[in-house]
Amino acid sequence: MDQKRFKKYLMGVVSASALLLAACGGGEEETAESSSGTNDSTETSGSNFDGETLKISIDPMYSEFIEGISDSFEEETGATIEVEEKDMFETLEALPLDGPAGLSPDVMLAPYDRIGGLGQQGHLAEYTLPDDGRYDDIDEQQVTMKDKIYGAPFVIESMVLYYNTDLLEKAPETFEELEALTEDEQYAYEGEAGKSVAFLANWVDFYNSYGLLNGFGGYVFGADGTDPSDIGLNKPEAIEGIQYATDWFQNTWPKGMLDVTTAGNFIDEQFTTGTAGAVINGPWAASNYMESGVNVGVATVPTLPNGEEYQPFAGGKGWVVSQYSENPELGQAFLDFATNEENMEALYSDYTNEVPANQMVRQTIIDADDDELAMAVVNQYNVSSPMPNIPEMAEVWVGAETMMFDAGSGNKTPEESANDTVKVIEQNIEQKY
């Protein structure tokens, strides 16, 4: 893999599990040329916003990107951009109070799973997606709540498979291949007889294990994540997935894999020291893995034993316009402009190396066939499931927090663990909603 490209993840990226990490990007000399694009579907140059100001709040990781496209946007619209650098989640948490007080920015970023709820609560302006092919149905679903669209998809992310190319000639394509690796003595875990670190995944964390459960046929909420009365985490298919994970915990993995607080660190240590053969993680892990000195390959997660794809949450971020903005039309013009093909190509190539939601740029990445991580993210995202963005999703994180631990430790059977999890979620939803 290209280390220069992957080091753009040095400060990380934001995951759909609401972990805010940061990344830094390229130089200013390329900016003027590569980021001077115009909107493909909305003629911002035909809009008259002379003398108006657009206040944008961004995490510092996007400072150079915004700086690179601001001149063109200002020239085409006559408006002026004012940038505030602030943690994304702090901005979103403050919006309900800052907005009515006239203190909130006009435009900001939000994780996909937060957009629907904020829109439903009345804090975000509705948005009209450009009709130029830059988004598909999954992209639209990420920013939609009850048939209303509240944002512009910006970047995407998904769990992928990292593997040590010194230990594995090619990426495993099925979980059966991963199981076979555990029979190789070179992956035996020192200190625990019969345990292997050939393949590792942080399945005690629900965000990480959902790809397994979903691939087996489980789901969070029915009706594409919009029906909280239909919880699918204790369906027979989901229980089958929990049983499969339980077999790994009890028969293959070291005890450290069951520690909810340290399992992720354990996995990273095993991989970065060249001990583990393959691990599942997100794109935010790339820089750490690359800097470890391990020769890293990246691919989509192998096919599950039932023949289905591993289907994790489809994560990422979108631009949104505050409902309290005095000029939502200018905000919409910026969203159109910032996510057009040319500017999204610049984001990927010159700045953060994140994979844009823009379909044209994603296709360019696939056609170029020279960035393993980006290609893996695109391909995995295409078979992933948008995280439910209804408020009730908050109760799923609480209810499912110990589901895999309870089953993997033997405290409960997979069926008991699944049923108890769903019971907690249902009770909390009933009490709060």
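Computed values, structure above
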{"item": "Any chance Thr339 is surrounded by fewer than 22 Cβ atoms within 10 Å (Cβ to Cβ), more than 15 Å from Pro105 (Cα to Cα), modelled with pLDDT of 95 or more and out of contact with any His (no Cβ under 7 Å at 6 or more places or on another chain)", "result": "no"}
{"item": "In segment 171-183, the residues that are without any contact (Cβ under 8 Å) to a residue 40 or more places away in the chain and part of a loop (DSSP other than H, G, I, E, B)", "result": "Glu183"}
{"item": "Candidates Ala400, Ala407 - the one that is open to solvent by less than 10 Å² (accessible area, probe 1.4 Å) and farther than 22 Å from Ala314 by Cβ", "result": "Ala407"}
{"item": "Test for Ala201: is it over 18 Å from Pro388 (Cα atoms) and of a type outside the set (Asp, Glu)", "result": "yes"}
{"item": "Contacts under 6 angstrom Cβ, first residue in segment 270-283 being within 16 Å of Glu190 (Cα to Cα), partner part of a helix (DSSP H, G or I) and among the polar types (S, T, N, Q), 6 or more apart", "result": "Ala276/Gln270"}
{"item": "Residue match in segment 339-359 (condition: polar (S, T, N, Q) and closer than 30 Å to Lys432 by Cα)", "result": "no"}
{"item": "Among (1) farther than 28 Å from Ala193 by Cα; (2) in contact with a strand residue (DSSP E or B) (Cβ under 9 Å, 6 or more places away or on another chain); (3) open to solvent by 10 Å² or more (accessible area, probe 1.4 Å); (4) modelled with pLDDT of 95 or more, the one test that Phe313 misses", "result": "(3)"}
{"item": "Number of positions in segment 54-95 that are part of a loop (DSSP other than H, G, I, E, B), among the small types (Gly, Ala, Ser) and either touching a His at 6+ places or on another chain (Cβ under 6 Å) or buried (at least 21 other Cβ atoms within 10 Å of the Cβ) (or both)", "result": "1"}
{"item": "Filter result (under 16 Å from Phe175 (Cα atoms) and out of contact with any Leu (no Cβ under 7 Å at 6 or more places or on another chain)) within segment 214-241", "result": "Asn214, Glu240"}
{"item": "Complete set of residues in segment 128-160 that are part of a loop (DSSP other than H, G, I, E, B) and buried (at least 24 other Cβ atoms within 10 Å of the Cβ)", "result": "Arg134, Val143, Tyr150, Gly151, Ser158, Met159"}
{"item": "Residue selected from segment 96-114 under the condition assigned to a helix (DSSP H, G or I) and under 14 Å from Pro153 (Cβ atoms), by the criterion least open to solvent (accessible area, probe 1.4 Å)", "result": "Tyr112"}
{"item": "Any pair with Cβ under 7 angstrom, 6 or more apart, that starts in segment 391-411 at a residue that is under 13 Å from Phe206 (Cα atoms) and part of a loop (DSSP other than H, G, I, E, B) and ends at one that is at pLDDT 95 or above and open to solvent by 40 Å² or more (accessible area, probe 1.4 Å)", "result": "none"}
{"item": "Listing of strands (runs of 3 or more DSSP E) fully contained in segment 201-287 that carry 3 or more residues being open to solvent by 10 Å² or more (accessible area, probe 1.4 Å) and modelled with pLDDT of 95 or more", "result": "227-232"}
{"item": "Yes/no for Gly117 being in a helix (DSSP H, G or I), farther than 19 Å from Val377 by Cα and within 23 Å of the chain's Cα centre (by Cα)", "result": "yes"}
{"item": "Residue within segment 381-395 that is of a type in the set (Gly, Ala, Ser), out of contact with any Pro (no Cβ under 9 Å at 6 or more places or on another chain), within 30 Å of Leu103 (Cα to Cα) and surrounded by fewer than 23 Cβ atoms within 10 Å (Cβ to Cβ) present", "result": "yes"}
{"item": "Residue among Gln332, Gln363, Gln359, Gln311 that is within 21 Å of Thr144 (Cβ to Cβ) and either free of Cβ contacts under 8 Å to residues at least 12 places away in the same chain or over 23 Å from the mean Cα position of the chain (by Cα) (or both)", "result": "Gln332"}
{"item": "Subset tally (residues that are within 17 Å of Ile115 (Cα to Cα), among the small types (Gly, Ala, Ser) and part of a helix (DSSP H, G or I)) for segment 322-360", "result": "1"}
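The values are calculated or read from the model by the stated rules, or taken from the named source; none is laboratory data. In this text, all values refer to a predicted model and were calculated from it rather than measured experimentally. All Cβ positions, even for glycine, are placed from backbone atoms using ideal geometry, and neighbour counts span all protein chains on display. The protein model used for the area step is the full one, side chains on, heavy atoms only, and it has no ligands, DNA or RNA in it. Shrake-Rupley method; radii C 1.70, N 1.55, O 1.52, S 1.80 Å.
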